[in-house]
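Below is one structure, written out as structure tokens; comments come after it.
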Amino acid sequence: MIISGIRCLITYLLIPIAVPLIGLSGTVSAPIGLLLSAIAVITGVISLRKFWRSDNRYRWMYTAFILVVFIVVAITVSVDISEIVSTL
């Protein structure tokens, strides 16, 4: 939970605000975004497995939520990859 919170703070606050101020938007934010997206997928899979192992009654609802998160992460990854390719 703490790792996910830190990842969200970096992804949605630090990168969009600090990186443009420094002037390194394409070169720095895209690789960091890819790394954070990988962390998001790993932590999402781990938490989903914990929900299913504990036989939580909300496991289907959480599975749907994680699916939406993975779709957003996939969109973010495609944007980050297109930024990296455009800077080459």
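The values are calculated or read from the model by the stated rules, or taken from the named source; none is laboratory data. Bear in mind that the values here come from a model prediction, so they are computed numbers and not experimental data. Neighbour counts are summed over all protein chains in view; Cβ atoms, including those assigned to glycine, are modelled from backbone coordinates with ideal geometry.
Return the residue satisfying two criteria in turn: it lies in region 46-73 and is farther than 23 Å from Glu83 by Cα and in contact (Cβ under 8 Å) with a residue 12 or more places away in the chain, and of such residues it is farthest from the chain's Cα centre (by Cα).
That would be Phe51.
Please report, ordered by residue number, the helices (runs of 4 or more DSSP H) entirely within the chain with at least 2 residues that are modelled with pLDDT of 85 or more and surrounded by 11 or more Cβ atoms within 10 Å (Cβ to Cβ).
Those helices (runs of 4 or more DSSP H) span 30-53, 59-87.
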